[in-house]
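K.L.:
Starting off with a structure, shown below.
Just so it is clear, none of the values below were taken in a lab; they were calculated from the coordinates. Small disclaimer: the values here were computed from a predicted structure and weren't measured. Here Cβ is always computed from backbone atoms with ideal geometry, including for glycine, and neighbour counts include all displayed protein chains.
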Amino acid sequence: MASQPLSAEKIKAALGELPGWKFQRDALVKIFKFGNFREALSFMVRAGLEAEGMDHHPEWTNVYNRVAIRLNTHDAGGRVTAKDLELARKIQAISWVG
């Protein structure tokens, strides 16, 4: 069964508890900036374990100390669902840079 996309209003309301996250082009997005590559990589490993545990995998890139994350749900037509918000909350909870 496909996940249900959330309304823009519900997404924007949820962003109040997710500092630095934005709703752009049908996705939740955030860029995390760490002190160095080692910190960025350790964050990606920890976030990756959370994502794997949910069977929900982010689109992300890493260049040196920056990790850019984009979340949406493929089986919801590439739109944001409750699953994306849940993963964003988990990622936010493990971040030490904001």
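K.L.:
May I ask you to verify whether ALA13 is small (Gly, Ala, Ser), outside any loop (DSSP other than H, G, I, E, B) and within 14 Å of ALA68 (Cβ to Cβ)? Outline the logic, then answer.
P.N.:
On the way: small (Gly, Ala, Ser): yes; outside any loop (DSSP other than H, G, I, E, B): yes; within 14 Å of ALA68 (Cβ to Cβ): no.
For ALA13, the condition - small (Gly, Ala, Ser), outside any loop (DSSP other than H, G, I, E, B) and within 14 Å of ALA68 (Cβ to Cβ) - is not met.
K.L.:
Same structure, new question: May I ask you to list the residues in segment 50-79 that are surrounded by 14 or more Cβ atoms within 10 Å (Cβ to Cβ), under 21 Å from PRO5 (Cα atoms) and touching a helix residue (DSSP H, G or I) at 6+ places or on another chain (Cβ under 8 Å)?
P.N.:
If the condition is that a residue be surrounded by 14 or more Cβ atoms within 10 Å (Cβ to Cβ), under 21 Å from PRO5 (Cα atoms) and touching a helix residue (DSSP H, G or I) at 6+ places or on another chain (Cβ under 8 Å), then ALA51, HIS56, PRO58, TRP60, ILE69, LEU71, ASN72, THR73 are the ones that fit.
K.L.:
Sticking with this one: Going through segment 1-49 one residue at a time, which ones are buried (at least 16 other Cβ atoms within 10 Å of the Cβ), more than 14 Å from the chain's Cα centre (by Cα) and either free of Cβ contacts under 8 Å to residues at least 24 places away in the same chain or closer than 14 Å to THR73 by Cα (or both)?
P.N.:
Matches in segment 1-49: SER3, PRO5, LEU6.
K.L.:
Also: Can you pull out the residues in segment 33-78 that are within 17 Å of LYS22 (Cα to Cα) and either touching a strand residue (DSSP E or B) at 6+ places or on another chain (Cβ under 6 Å) or assigned to a helix (DSSP H, G or I) (or both)?
P.N.:
LYS33, PRO58, GLU59, TRP60, THR61, ARG66, VAL67, ALA68, ILE69, ARG70, LEU71, ASN72
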